[in-house]
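Since the structure comes first, as structure tokens, the remarks are kept for the end.
The values are calculated or read from the model by the stated rules, or taken from the named source; none is laboratory data. Predicted model only: the values in this text are computed from it and were never measured. FYI the Cβ positions are ideal-geometry reconstructions off the backbone, even for glycines, and counts take in every protein chain you see. Side chains included, ligands, DNA and RNA excluded: accessible areas come from the protein's heavy atoms. Shrake-Rupley method; radii C 1.70, N 1.55, O 1.52, S 1.80 Å.
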Amino acid sequence: MGLPTGGVWPPRHLQPIYQHYNTLDAWYVGDADRLAALYGDPTAAGLPTNRPSQHRGGVVGAVARWFWGEPTPSGQKRAKVHLPAASDLATMGATLLYSEPPTITCENPQTQARIDEMLPQLQATLLEGAEVGGALGSHYLRSVWDSSVAEKPWIAAVHADAAVPEWRHGRLYAATFWRIVEQDDNDCLIHLERHEPGYILNGLYRGGPGNLGDQISLTAHPETAKLPPSTSTNLPRCTAVHVPNMRPQRMWRNYPAGAPLGRSDFDGPIMGLMDQLDQTWTSWMRDIRNGLGRIHVPSSYLQNLGPGQGAYFDPNREIYEAMNVLGGDDRMEITATQFEIRVAEHKETQAELLEAILRSSGYSAQSFGLRGEVAVTATEVSAKERRSLTTRGVKGLYSVPEIAFMVEMHLALEAELFGSGVTPERPTFVLADSVSPDMLQLAQVAELWRRAEAASDETLVQMLHPDWDDKQVKDEVKLIGDARPDPLADLGAFGQLPAENSEGEDELTNAEQ
């Protein structure tokens, strides 16, 4: 298909999806001004506070009536507070998947060595992609190279709101990644990088927000000056993969352009719950502000600053002149006002809302630190965080095959374009266990298996050290065998045990004689 010649960008058929990305991104970033502007708080844009949209029905009225859409009363500062539950959800999902390095293995030793070299940087890329993918619903992986930055090509993540995918039978056929390399008022330079079977294409466009404009030379900007317009990969498939967070995508189930996309961790009613959580948190902070002690003093206690300058009360002044006032001396007293801070009510409401958000997202309250009890052993952790671990496994079903193919495709690209000499091979990709095993429990199991003679030394070593390779396991088994006592060491020349206390036996024989 090639690069576009201009027009609306992103393409019109993806505009609803990009509008949804904007909503998800606002919650993920957590900027209060952006959330207020998104949901129509007129004071965020300097508009009048009277909004007829709040009295309308349908989606417009519902969104306008959200907490973040409520206008700030005239003469007051906006005091709404955001609790970053959305970003915490995305971060927690990513750490459950890739906080520990995955195991990537293949049969060819040379290929394995190259994968081991890639793994540290790849783990960081997967962690980034999983977090942004948890927020937006998807992310992409692609191969990039630049000799001025790194000696060898590497795998990089691309966020879903910077990609224009093309699907065939629900699978990624081609993808165009874009970024704004320079922007000045309404004029901007947009770089497009298209990955399609057999080719990687680059183009630079001069346009504006929402408009791609005209294509210009890549040399017009330093960041794209060294990029080739076209690179032949000689590979039968696109050199990029789409990694969904979870499926199905309920919003775009019947929308062809969005059906293959992934689902965000806070899609659907979860954003409404997060809006109510922010309302609860803001109410709690308001109670704290209102709970500050106030005093009420008679006007005669105030120090006059002059005509039009107002007056003030000096709390350090010790002597005041008594005045004859109606009602007696009690009219001269200072009164204090102290409002109650409803800590328990707000705390319980906030905890219930957080648990509802976590249940809808597929995570356990224990993973979020909401429960007071502490799990000690790995078995207790697995039991208390079962829902989170189940969600982690489901996410792995969607991400692992795509990542394994990406590693194979990257190795093939290195061999084809850079002559790496490494044989491309699709590796076995296994997620690391996010719950570390309890060594005491493993030792007890190994001891029971040993007594029952139900497992060999090699099996027990592999169970205790799952991260060891075959050579390490065999070396450990040999050391165990060398340290174990030889049961035949005490046998005599004819396989009989030596006589005990032979001198005593000789004395007994002589006595009998």
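Couple of notes before you dig in:
- From the options E408, E402, E458, residue that is open to solvent by 80 Å² or more (accessible area, probe 1.4 Å) and not aromatic (F, W, Y): E458
- Residue under evaluation L491, criteria (1) of a type in the set (A, V, I, L, M, F, W, C); (2) at pLDDT 85 or above; (3) not in a helix (DSSP H, G or I), criterion not met: (2)
- Filtered residue count, segment 258-298, keeping only those that are touching a strand residue (DSSP E or B) at 6+ places or on another chain (Cβ under 9 Å) and open to solvent by 20 Å² or more (accessible area, probe 1.4 Å): 7
- The residue pairs whose first member lies in segment 230-248 and is closer than 19 Å to A130 by Cβ, whose second member is aliphatic (A, V, I, L, M), and whose beta carbons are closer than 6 Å, counting only pairs six or more residues apart or on different chains, are A240/A175; V241/L141; V241/M406; H242/L172.
- Top-ranked residue in segment 211-229 [being touching a Pro at 6+ places or on another chain (Cβ under 9 Å) and of a type outside the set (S, T, N, Q); ranked as surrounded by the most Cβ atoms within 10 Å (Cβ to Cβ)]: L212
- Checking each residue of segment 270-287 against the condition of being assigned to a loop (DSSP other than H, G, I, E, B), at pLDDT below 95 and out of contact with any Pro (no Cβ under 9 Å at 6 or more places or on another chain) gives no match.
- Pair list, Cβ < 8 Å and 6+ apart or interchain, from segment 421-441 residues that are assigned to a strand (DSSP E or B) to residues that are open to solvent by 70 Å² or more (accessible area, probe 1.4 Å) and modelled with pLDDT of 70 or more: T428/T103; F429/T103; V430/T103
- Among the candidates A383, A322, residue that is open to solvent by 30 Å² or more (accessible area, probe 1.4 Å), among the aliphatic types (A, V, I, L, M), modelled with pLDDT under 70 and touching an Asp or Glu at 6+ places or on another chain (Cβ under 9 Å): A322
- Residue check, E182 free of Cβ contacts under 8 Å to residues at least 60 places away in the same chain, open to solvent by 70 Å² or more (accessible area, probe 1.4 Å) and in a loop (DSSP other than H, G, I, E, B): no
- Filtering G203, G208 for residues that are in contact with a strand residue (DSSP E or B) (Cβ under 9 Å, 6 or more places away or on another chain), touching a residue at least 40 places away in the same chain (Cβ under 8 Å) and open to solvent by less than 70 Å² (accessible area, probe 1.4 Å) leaves a single hit, G203.
- L442 being of a type outside the set (F, W, Y), open to solvent by less than 70 Å² (accessible area, probe 1.4 Å) and over 30 Å from P236 (Cβ atoms): yes
- For segment 445-455, filtering for residues that are open to solvent by less than 30 Å² (accessible area, probe 1.4 Å) and either under 30 Å from L96 (Cα atoms) or part of a helix (DSSP H, G or I) (or both) leaves 1.
- Those residues of segment 230-247 which are under 16 Å from R194 (Cα atoms) and either in contact with a helix residue (DSSP H, G or I) (Cβ under 8 Å, 6 or more places away or on another chain) or crowded, with 19+ Cβ neighbours inside 10 Å (or both), in sequence order: T231, T233, N234, L235, R237, C238, T239, A240, V241, H242
- So R371, is it open to solvent by 40 Å² or more (accessible area, probe 1.4 Å), at pLDDT 80 or above and within 30 Å of E352 (Cα to Cα): no
- Residues (open to solvent by less than 20 Å² (accessible area, probe 1.4 Å) and part of a loop (DSSP other than H, G, I, E, B)) located in segment 10-29: P10
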